[in-house]
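Okay, structure first, notes after.
The values are calculated or read from the model by the stated rules, or taken from the named source; none is laboratory data. The structure presented is a predicted model; accordingly, all values stated were derived computationally and were not measured. Using ideal geometry, Cβ is built from the backbone for each residue, glycine included, and neighbour counts are taken over all protein chains shown.
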Amino acid sequence: MRNIVTALMVIFGFALQFVSYFYLSAPLGAITGEASSNPRLQFAPALFIVGVGAVFLAAVVFELLPDKDVQ
Amino acid sequence: MTTNIKKLPHGVGDFTRGWVFLSIALVALIALGIYAYSIQLTEGEIVTGLRNIGTMGGATWGLYISFLIYFIGLSFTGISIAAMIRLMGLEKIKPIARMAEALTVIALILGALVVIVDLGQPVRGLVNLFRYARPGSPFFGTFTLVIAGYLFASQVYLYLDGRKDAAILAKIPSKLQGFFRLWAAGYKDTPAEQERHQKTSFWLAIAIVPLLITAHSTLGFVFGLQVGRPGWFSSLQAPEFVALAGVSGIGFLIIIAAILRKVLNTEDILDLDLFQWLSDFLMVLIVVYLYFLVVEWLTITYSSQAHESIVANAMYTGDYAWAYWLTVAALVIPLLLLAWQFVFKRYQLSWIVLSGFLVNVAAIVKRYLIVVPSQTHGKLLPYDIGAYTPTWIEYSIILGLFALGTLLYITFIKIFPIMEVPEIVEGGE
């Protein structure tokens, strides 16, 4: 259970970083107009930060989740 | 995990008279900083020495941004020390691990605050960065990786690393018992928990080191990628930032460790061997940074363009020469001191601390040199040479931030052991 939750959080975090960086933020490359200047989804940088946070929070979950016998 | 300690160790919970007086003085300085900032917020940045580049003959980035780089540089130590202990098995420096981690967290908080102070419209700036920041921009990296990711990761590391000590201290009756219990979150130091913590620390160290390098490099890119600003556009900026961050961070850590050694009477834990290691490490980092300085000097003086030469001349022989040569002196003197000790194996704490202090002077002045001369003297358009002089508002805010950082640090020391609590078996003291 512990490993699954941790792995899911890490995968979710990295996936969110990838998607928000490459697909939701403003396109990479030269600015040619409004479409290439604005993010495709507003607050995409905030989502990227959530992704970074999720990866590191996985460490806390991994350590803090109680053992089965304790439960 | 057994313990029969009756008193909280390392001065935790012991709010001495000296601590109270120091805190009051720091609060007064913080109040001065808040007062100065309130003036800046209501009257605008006209009360600072900051002016538009070119048209107003000034610099839009000044003391605040210089200290942003300085504070972020200080944060270098915590995670790098923690990672070295974990990945390279450097048990010798373990006693300073938590000091360094706390320094990292507090320095990053100060870094975040000084960015906010620099913004004329802080709320608008903060919202819009989260809303519109472009991933290609170094500001995106600075905000996401440095302020958010690096700070969060450091807090996670500090928290998890302190759980065992919190569990030990939670058994001792004190006013802070509930706090320690909360921090320990059920930790019992079972073999399974120990193994899990080893695993987590290892992977966190692996994950944070690249983040640390990226974070400091990104800050270098903020300057290094600006094609139109003579003096800034250089591929050396990023590695130079990393190297100078190491120099100032380790130097500052030496000062903190020496103060705590004296105040907490921990000469046996923070022994000369530890300072010897820090001294040698600092010496190597200074050599690396001086190499960058020489390469930079050779490149600029050999074949730089006219606009670059104006900035270079201002630094080497002109308006900023005093600052440049002060930086060089504040790096070379510690290097000589540390190298002498290294060669003759005669280490003296006072010389090591002096070196730590001098490299921090060098780091602050060099950051000022990175930020300011390129704006006042580095122009591609035909504007006159500009000038920048910080006002009392800027000095007060920076002083207030330093006071805030110190207050946070000394408060942390009083509520949580700044060094690992030793394993104490039943019947011990």
Considering every residue within the range A:50-64, establish whether at least one is part of a loop (DSSP other than H, G, I, E, B) and over 10 Å from the mean Cα position of the chain (by Cα). no
Give all pairs with beta carbons closer than 9 Å in which a residue from the range B:152-167 that is at the interface with chain A (Cβ under 7 Å from one of its Cβ atoms) meets a residue that is part of a helix (DSSP H, G or I) and among the charged types (D, E, K, R); count only pairs at least 6 apart in sequence or on separate chains. B:LEU160/A:GLU63
Looking only at residues in the range A:1-48 that are modelled with pLDDT under 85 and assigned to a helix (DSSP H, G or I), which one is surrounded by the fewest Cβ atoms within 10 Å (Cβ to Cβ)? A:GLU34
Per the filter on the range B:113-151, residues within 14 Å of chain A (Cβ to nearest Cβ), of a type in the set (A, V, I, L, M) and more than 21 Å from B:GLY224 (Cα to Cα) are B:LEU126, B:VAL127, B:ALA148, B:LEU151
Exactly one of B:VAL361, B:VAL332, B:VAL365 is more than 30 Å from B:THR60 (Cβ to Cβ) and assigned to a helix (DSSP H, G or I), and that residue is B:VAL332
Condition first: under 17 Å from B:PHE412 (Cα atoms) and either within 12 Å of chain A (Cβ to nearest Cβ) or of a type in the set (A, V, I, L, M, F, W, C) (or both). Now tell me which residues in the range B:169-190 satisfy that. B:LEU169, B:ALA170, B:LEU176, B:PHE179, B:PHE180, B:LEU182, B:TRP183, B:ALA184
Within the range B:191-198, does at least one residue satisfy the condition of being more than 18 Å from B:GLU420 (Cα to Cα), surrounded by fewer than 21 Cβ atoms within 10 Å (Cβ to Cβ) and away from chain A (no Cβ under 14 Å)? no
For B:LEU103, are the conditions met, namely being crowded, with 20+ Cβ neighbours inside 10 Å, more than 10 Å from chain A (Cβ to nearest Cβ), in contact with a Phe, Trp or Tyr (Cβ under 6 Å, 6 or more places away or on another chain) and modelled with pLDDT of 90 or more? no
Flag for B:PRO135 being surrounded by fewer than 21 Cβ atoms within 10 Å (Cβ to Cβ) and not in a helix (DSSP H, G or I): yes
